[in-house]
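Chemist: Before anything else, here's the structure in question.
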Amino acid sequence: MPRAGLSAGSPKVDFAIDMGNPLLNRTVDGFLKIAAVGACKVAAEDAFECLHKGSVSKNKLEQTLKNMCKEGAYWGAVAGLYVGVEYGVEKIRGRYDWKNALIGGVVSGAIISAASNSKADKIAKDAITGGAIATAVEFINYLT
C-alpha cells in the first residue's frame, strides 16, 4: 500500500492510499514519491534564480507553480510506469532479482521515448539507457 510521510523531529504526518490492487498500489506510490522530487527540483532551481536576481514577482511565482506541476507529473508518470512494469515482470517471472529492473527499465525507456515521437534509433538508445540505469540502481541497492 502506498505510504508517504513528512517528519521534522518527533511529530510525523503519514498517509496511505489503497487502490485495492498491489500493481496499482506500487504504481501510485512510485508516482507520488518521484512527482514530489520533480516538483521540489523546480522549486529549488527557481528559488535559487530569484535569490540570484534579488527579486520575486507574482508572474514568476505562477510560472514556478506551473513548472512544478508539469515536472512533477512528468517524472511521476515515468516512475509510475517503471514501477508498474517492474512489478508486472516480477509477477510474470515469479522471481525478484536484478533482471526485473533491467526489463522494467528497457520497457519504460522505450515507451517514454516512443511517446515523445522519437525515431527508432533514439528509442533504442533510451531503452538501453533506462535498462542500464535501473540495473545499476538495483546493484547499488544490493551493495548498501
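Chemist: Using DSSP to define loop residues, name the trypsin sites (Lys or Arg not before Pro) in the range 87-131 whose beta-carbon has at most 12 other beta-carbon atoms within 10 Å.
Modeler: R95, K119
Chemist: For the chain, find the longest principal axis of its Cα atoms and tell me its angle to the long axis of helix 58-93, 0 to 90°, nearest 10.
Modeler: With both axes taken from Cα atoms, the answer is about 10 degrees.
Chemist: Something else: Using bins 5 angstrom wide from zero, how does P(r) for the range 19-82 break down, in % of all Cα pairs?
Modeler: 4, 20, 21, 18, 13, 10, 8, 4, 3, 1
Just so you know, all these numbers are worked out from the coordinates, no wet-lab data involved. These numbers were taken from a predicted model, which means no experiment stands behind them. For neighbour counting, all protein chains shown are included, and Cβ atoms are generated from backbone atoms with ideal geometry for every residue, glycine included.
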